[in-house]
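Just dropping this structure here.
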Amino acid sequence: MNVEKFSYDNTIVRNFTFATMLWGTVGMLVGLIIALQIFIPELNFKLQYITFGRIRPLHTNAVIFAFVGNAIFAGVYYSLQRLCKARMFNDFLSKFHFWGWQFIIVAAAITLPLGITTSKEYAELEWPIDIAIAVVWVAFGINMMGTIIKRREKHMYVAIWFYIATFVTVAVLHIVNSFELPVSFFKSYSMFAGVQDALVQWWYGHNAVAFFLTTPYLGLMYYFLPKAANRPIYSYRLSILHFWALIFLYIWAGPHHLLYTALPDWAQSLGTVFSIMLIAPSWGGMLNGLLTLRGAWDKVRDDAILKFMVVAVTAYGMATFEGPMLSLKSVNAIAHFTDWIIAHVHIGALGWNGFFTFGMLYWMVPRLFKTKLYSGKLANAHFWIGTLGIVMYAAPLYWAGIAQSLMWKQFTPLGILQYPNFLETVIQIVPMYAIRAIGGTLYFAGMIMLSYNLIKTVKQGVFQPEEEDEAAPLVKEKDKLRYGLIHRWLEKRPVKFTILTAVAILIGGIIEMIPTFLVKSNIPTISSVKPYSPLELQGRDIYIREGCVSCHSQMVRPFRSETERYGEYSKAGEFVYDHPFLWGSKRTGPDLHRVGGKYSNLWHYLHMEDPRQMSPGSLMPPYPWLLEQKLDASTTAKKISVMRSLGVPYEDGYEEFAESDLNKQADQITTDLMNNGVVTEPDKEIIALIAYLQRLGTDIKVNTESK
């Protein structure tokens, strides 16, 4: 048999590994800062670029796309070459992928604190960076598929199936959710509005978790866990069921993030049904991983790498059970908008993604540098301090979430809200925030320990950039498709496999979106709802820039507790001109959809200057720069024009006198402030923000009796 000699590219693996360590440290440090800011507002330091609202998306992007993203690529580049018995398809594409991804991360680290954001969760980056992400991702996909096609192994191992699904689905999700119309190089508006934008965003948002934080890690689990345990995967048949059921069902579940909102009921119910069904394939994958360790539990007790992986897979099982439970309307009514969701997300992020990354790095780095891990004791210490950190992070937030929800919904025997002031519910859970910060500190300390341990490992070893191997070339066979061997047949055909994967993930999205976009009765309009005035539109963009949506929802749900506290529940037709939607996913502060007219212009002015002078004990940071910075009204005409292109019914030629209308409304607000003792200029940003806040929820008649 003719045997070919070749070498694996370890340099690209090393580069992504070092990037994982760097960005993991940065992302977790920013997370620790915002965990402190949320109950110590003084740590915002009245500085525009490090407020909670601006750096919270920096934290999520750094952890998801920088830390986890680089870890995925390190693991994929290491395992794919060895599973395919082939060097990566193209060394230039590998380098382009690495440096392109780091460029995107740096661009995010610069733009997000500057307030350059779309506000769409996990997709905050503006359109030029979105294009760069698409280009780099396609380069990665070409490199990966080229490697699979030129492989020397006949069958594609299960890990490769998950890598293929990740590439295909993330490309589709990112491109569709990034449909936006540019206003300038740093500003765009989503092509979708209101309910439709919400559906697309959470179709993306939920499946970004599914296909960026889950499927690639399942692929890594199927490779690295058996390697670390030195045992074969428990069940090949179970892996087939796990893969196809998971990728087909996951894509339908996005609407469960929008229960009790203005999304049509049929879409909410569909999301719930498929979320419940997801328990089966998710737990199938978890059990396949854990049962691989049957008979090897003595080794787990002594091996830090396996301990990390076991807890990671267990955390995956916990999170994928809790997710479907949260999609039940009865549970969602309690948990949504509370800190319970933050705890749930971090069980997956800290436990599943973080711990598996740590285990993988501890296993992989010594092999890249032909040495032993510097300190097994330090790795074990990292495991225990990290585990304690997870518990101290999540447990208090579960408690806080339950406390929040019960207080929001509590009525007196006379039928009056027990806690009508939202701030009462915030102050009650401050101790839980403090404990969460301690847990985050412990987890961050573990990240420092890992970095130190691996750096010492690197220094004592010798890096081997080209790892030699040999294998016989793949011989193409004309085999027939036979019943019982269908999947074996498919595993030899990566292109057909990829096409079938794309079909499986497209079905759910198409069935959910087409009726929402094409059936007009699904999104009924309201004749009294009008487009935003030019000043209100500018104020809305300031609201987005400052990240207010991170703490405030704009969606009053049809619960008595919410209509009593906020006013009439939100209707689908009220959001038809919202590009993007701003329903939010967390209430650190009260809902704002009915805030228009509730307070005076003076109240809003003083509240933004220093929230505690209007709400003693408030945890909201001050925004003094809004009172000083001039509004850039020169963008008004362009914004009106782009909005009209998106279907907002501004009359033709309105942009020619839009700025004049903006100035008139600004003068009215400024005059009102002057009459109440505040002297300011009409061109200040605070005036535009006040105009927007005073507009919210006023297009329809609202119930104000309980206010």
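The values are calculated or read from the model by the stated rules, or taken from the named source; none is laboratory data. Bear in mind that the values here come from a model prediction, so they are computed numbers and not experimental data. Glycine gets a Cβ as well: all are built from the backbone with ideal geometry, and neighbour counts include every protein chain shown.
Can we say PHE18 is without any contact (Cβ under 8 Å) to a residue 60 or more places away in the chain and hydrophobic (A, V, I, L, M, F, W, C)?
Yes.
Continuing with the same structure: Every residue in the stretch 95-111 that is polar (S, T, N, Q) and under 19 Å from MET21 (Cβ atoms), please.
Across the stretch 95-111, the qualifying residue is only GLN102.
Right, here's the next one. Identify the single condition in (1) touching a Lys or Arg at 6+ places or on another chain (Cβ under 7 Å); (2) modelled with pLDDT of 95 or more that TRP625 does not satisfy, given that it satisfies every other one.
(1)
While we're on this one: Would you mind finding the one in LEU22, LEU32, LEU43 that is of a type in the set (A, V, I, L, M, F, W, C) and either in contact with a Cys (Cβ under 9 Å, 6 or more places away or on another chain) or over 21 Å from LEU450 (Cβ atoms) (or both)?
LEU43
Quick check on the stretch 271-300: of everything there that is assigned to a helix (DSSP H, G or I) and at pLDDT below 95, which residue is surrounded by the fewest Cβ atoms within 10 Å (Cβ to Cβ)?
ASP298
Right, here's the next one. Given the options ILE149, ILE164, ILE116, ILE142, name the one that is of a type outside the set (D, E, K, R), in contact (Cβ under 8 Å) with a residue 12 or more places away in the chain and farther than 30 Å from LYS478 by Cα.
None of the other options fit; the residue is ILE116.
Check whether at least one residue in the stretch 657-676 is modelled with pLDDT of 95 or more, of a type in the set (A, V, I, L, M, F, W, C), closer than 18 Å to LYS530 by Cβ and out of contact with any Pro (no Cβ under 7 Å at 6 or more places or on another chain), and report yes or no. Please lay out each step first, then the result.
Step one: filter the stretch 657-676 for residues modelled with pLDDT of 95 or more, giving 658-676.
After this cut, where a residue has to be of a type in the set (A, V, I, L, M, F, W, C) as well, the list is 658, 662, 666, 669, 673-674.
From what is left, the residues that are closer than 18 Å to LYS530 by Cβ are 658, 662.
Those left that are additionally out of contact with any Pro (no Cβ under 7 Å at 6 or more places or on another chain): none.
No, there is no match, as no residue in the stretch 657-676 is modelled with pLDDT of 95 or more, of a type in the set (A, V, I, L, M, F, W, C), closer than 18 Å to LYS530 by Cβ and out of contact with any Pro (no Cβ under 7 Å at 6 or more places or on another chain).
Given the criterion outside any helix (DSSP H, G or I), at pLDDT 95 or above and either more than 39 Å from the chain's Cα centre (by Cα) or not polar (S, T, N, Q) (or both), identify the matching residue among VAL642, VAL648.
VAL648
Considering only residues that are of a type in the set (Gly, Ala, Ser) and either within 22 Å of LEU125 (Cα to Cα) or part of a helix (DSSP H, G or I) (or both), which ones fall in the stretch 35-87?
Of everything in the stretch 35-87, those that are of a type in the set (Gly, Ala, Ser) and either within 22 Å of LEU125 (Cα to Cα) or part of a helix (DSSP H, G or I) (or both) turn out to be ALA35, GLY53, ALA62, ALA66, GLY69, ALA71, ALA74, GLY75, SER79.
Same structure, new question: Kindly provide the set of residues from the stretch 478-504 that are touching a residue at least 40 places away in the same chain (Cβ under 8 Å) and either exposed (fewer than 12 other Cβ atoms within 10 Å of the Cβ) or of a type outside the set (A, V, I, L, M) (or both), ordered by number.
Narrowing the stretch 478-504 to residues touching a residue at least 40 places away in the same chain (Cβ under 8 Å): 487-488, 491-492, 494-495, 497-498, 501-502, 504.
Answer for the stretch 478-504, where residues must be touching a residue at least 40 places away in the same chain (Cβ under 8 Å) and either exposed (fewer than 12 other Cβ atoms within 10 Å of the Cβ) or of a type outside the set (A, V, I, L, M) (or both): HIS487, ARG488, GLU491, LYS492, PRO494, VAL495, PHE497, THR498, THR501.
One line per residue, one yes/no per condition, for (1) surrounded by fewer than 24 Cβ atoms within 10 Å (Cβ to Cβ); (2) in contact with a His (Cβ under 7 Å, 6 or more places away or on another chain); (3) part of a helix (DSSP H, G or I):
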position	(1), (2), (3)
ILE544	yes, no, yes
SER553	no, no, no
GLU562	yes, no, yes
TYR569	yes, no, no
GLY573	yes, no, yes
TYR577	yes, no, no
VAL595	yes, no, no
LEU602	yes, no, yes
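Next question. For residues that are free of Cβ contacts under 8 Å to residues at least 24 places away in the same chain and not in a helix (DSSP H, G or I), tally how many sit in the stretch 231-256.
Number of matching residues: 0.
Next question, about the same structure. Within the stretch 642-656, track down each residue that is surrounded by 12 or more Cβ atoms within 10 Å (Cβ to Cβ) and free of Cβ contacts under 8 Å to residues at least 24 places away in the same chain.
ARG644, TYR654, GLU655
Given (1) assigned to a helix (DSSP H, G or I); (2) of a type in the set (Phe, Trp, Tyr); (3) surrounded by 16 or more Cβ atoms within 10 Å (Cβ to Cβ), where does PHE517 come up short, assuming only one miss?
(3)
In the stretch 417-453, which residue that is touching a residue at least 60 places away in the same chain (Cβ under 8 Å) and in a loop (DSSP other than H, G, I, E, B) is surrounded by the fewest Cβ atoms within 10 Å (Cβ to Cβ)?
Of the residues in the stretch 417-453, the ones touching a residue at least 60 places away in the same chain (Cβ under 8 Å) are 417, 420, 422-423, 426-427, 429-430, 432-434, 436-437, 440-441, 443-453.
Keeping just the survivors that are in a loop (DSSP other than H, G, I, E, B) gives 420, 429.
Values: PRO420: 11, ILE429: 22.
Per the criteria, the residue is PRO420.
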